[in-house]
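What follows is a set of notes on a single structure, which appears directly below.
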Amino acid sequence: MAIDSQGRIIVVGVTDAQFASFPDYRSTATGNLFLARYLPSGKLDTSFGHNGMVSYSSGIFTGIEANALTIDSAGRIIIGGSVGGEFLAARFTASGALDTTFGAAGTTKVKFNGAATAVSVAIQPGGKIILGGTDIPTNNDSMFALTRLTANGKLDTPFGIHGITTTDFGQNSQAYQMTLQHDGAIISPLCRTIWWRWMRGRENHKTPRILQ
């Protein structure tokens, strides 16, 4: 959930229900990405999407997750989640249309070493997009995972190793939420108990710093 500059409330999730009134609904799809926008009064904002709602199918009909969203300085909505075991980012305009100038026709997928899911999203100064979550390699021990995209949705390869970074803390690890400091450094809670950060000048080296 996020609140835009006009106090409107935007929520994101997934649905496999048959919304016949949605012109972009695919009857064979399960797991559509779903957005709704509400006025400050709590009523659906009918100027958004289709009568206040947006449904989008990625073209992969199972396993779609939409777990987080944020709003950029232009009022566009950026969603983080997963599809097909890969991080998924999608961007919508302020009116609810898929922004086809972002990534590949509006979405970007990022592959990790195993099944990966993004559960948090943040925007750095300058517009670069950070997605945080978990990567589960073949040993089934989930790892702390981050990726960074450019403002137009392309993988930012100078970040980490070819645009992604993972860290194994010896236990199941996940970036539940993120926040950014004024210098762009990333702070994220790990398994809700351990906090750490990438210093801005150390981003390329994947160097965590444990905070007390």
| task | Determine the sum of side-chain charges near ASP4: Lys and Arg each +1, Asp and Glu each -1, restricted to other residues whose C-beta is under 14 angstrom from that of ASP4. | result | +1
| request: Can you tell me which of 131-137, 65-71, 108-114 comes out highest on packing, and rank the rest after it, using the mean Cβ neighbours within 10 Å? | output: 131-137, 65-71, 108-114
| remark: Treating only Lys and Arg (+1) and Asp and Glu (-1) as charged, each at its beta carbon, one finds that segment 47-171 has a dipole about its Cα centre, in Debye to the nearest 20, of 320 debye
| request: With θ set to phi - 60°, apply the Karplus curve 6.51 cos²θ - 1.76 cosθ + 1.60 along segment 107-118 and write out the HN-Hα couplings as whole Hz, x wherever there is a Gly or Pro. | output: 9, 9, 10, 10, 8, 10, 6, x, 6, 10, 9, 8
| field | Interchain or long-range residues, amide H under 5 Å from ASP45's placed H | value | ARG37, TYR38, LEU39
| remark: Rounded to the nearest 0.05, FRET efficiency between ILE9 and ALA104 (Cβ-Cβ, R0 25 Å) equals 0.30
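Just so you know, all these numbers are worked out from the coordinates, no wet-lab data involved. Owing to the predicted nature of the structure, the values given are computational and were not obtained by experimental measurement. Note that we place each Cβ from the backbone using ideal geometry, even for glycine, and neighbour counts take in every protein chain shown.
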